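Read-outs: derived from the displayed coordinates by stated rules, not from any lab. Keep in mind it's a predicted model, so treat the numbers as computed, not measured. Using ideal geometry, Cβ is built from the backbone for each residue, glycine included, and neighbour counts are taken over all protein chains shown.
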Amino acid sequence: MRDGATVRWGMVASLLVAVGCASLVACSSGGGARVKGTVAPPLMGEESPRDYAGLHNVVAYHPDVFSGGVPEGDAGFETLARMGIRTVISVDGAAPDLVEAKKHGLRYIHLPIGYNGFGEARGEELARATRDALGDGPVYIHCHHGKHRSAGAAAAVAVSLGWMSADEAVARMKVSGTSPAYRGLYACAAAASVMSEAELDAVTADFPEACKPEGMVDTMVRMDEAMEYLKAIEAAGWKPPSEHPDLVPVAEAGKLADLLRLLHDDRSPVAKREGFAAKIDANHAPAQRLEDLLEAGSTDVAAMSAEFKRVSSACKSCHAAFRD
């Protein structure tokens, strides 16, 4: 009786070991699958981005540095934590979700850049921030969609830190899906060069976890973004562009019109200058007409482009008078 129980227990134990091994093998296969509570990050040799829970368009630019989209709520930050990420560098204009990041033990660095690229100083800051952060663990660089700005930043960092040649970095941006229309971002990667340790050490390392512009500056930043999106939408025939299929043309036009309304009511010293309100009103009218055309489902691309041209001209006129 005792010998039979021993045999039966041995069979059960063997079965449990086999099932456990099979589970580990199953968990270790496939992009982003969990292995003992972790998430496997993308690899350098992969030629397409990976998607995870709450995290999209993730591409490796170094075994421990990844570019991708903004973490979406708890799921996105949990994925980052399980991936082993310790520092998140945002190059997006929007303020980072610091509460959610800290909840998952992640540190944020906020160094925004534009769709038209970034200056040498910002490139050096990104390089030092990444180098220093790697001392704590893997780094995730993100913009909103993870295709354009974060890829350009990650590519420039990869060249500056000696991980890739400029040509290899540009090729990696194409894996991220960076649109050829963003020539400034490609130019930043192409123009980057290796920085010495002394050069990196000379860069001020007092990086903010969030640097939200306020007042008119904030409005102008958001307007610039809306204008960039509308340029891409116009190029696609006033439809969502292939590189930004999630853009809603009427929403972007509406955002621009709303921001111009905010500027009209602004009470900053610049806004109080004589003639400012009149220029804003002159700009708002074509922006509103553009929104109305898109909202009505117009197919008259010439009319929409004409209104957008008026908006652009009014912006340049206002900048010449009050900014330049």
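Arrange Tyr52, Tyr115 by Cβ neighbour counts within 10 Å, fewest through most, would you?
Values: Tyr52 24, Tyr115 21.
Fewest-to-most Cβ neighbours within 10 Å comes out as Tyr115, Tyr52.
In nanometres, what is the gap between the two model label sites at Ala190 and Lys102, each 7 Å from Cα along Cα-to-Cβ?
4.3 nm
Rounded to the nearest 0.05, what FRET efficiency do Asp246 and Ser165 give with R0 = 25 Å and r taken as the Cβ-Cβ distance? Could you check? Write down the numbers at each step before the final one.
Values: r = 32 Å, r/R0 = 1.30.
E between Asp246 and Ser165, to the nearest 0.05, is 0.15.
In whole percent, what relative contact order does the range 36-201 give with Cα contacts below 8 Å and a gap of six or more residues? Mind showing how you got there, number by number?
Numbers: 352 pairs, mean separation 40.3, N = 166.
Once normalised by length, the contact order is 24 percent.
Hey, fewest Cβ within 10 Å first, where do His148, His104 land in order?
On the way: His148 27, His104 17.
With the sparsest Cβ surroundings first, the list reads His104, His148.
Arrange the following residues from fewest to most other Cβ atoms within 10 Å of their Cβ: Trp163, Trp238. Walk me through the intermediate numbers first.
Numbers: Trp163 19, Trp238 22.
So the ranking, lowest neighbour count to highest, is Trp163, Trp238.
Can you give the FRET efficiency for Asp206 and Ala94, using 1/(1 + (r/R0)^6), R0 = 22 Å, r = Cβ-Cβ distance, to the nearest 0.05? If you can, show how the numbers build up before the last one.
Values: r = 22 Å, r/R0 = 0.98.
Once the sixth-power term is evaluated, E becomes 0.55.
Can you give the FRET efficiency to the nearest 0.05 for Ala75 and Ala285, using r as the Cβ-Cβ distance and R₀ = 51 Å? Present the calculation step by step, with values, prior to reporting the outcome.
Numbers: r = 43 Å, r/R0 = 0.84.
Result of the calculation: an efficiency of 0.75.
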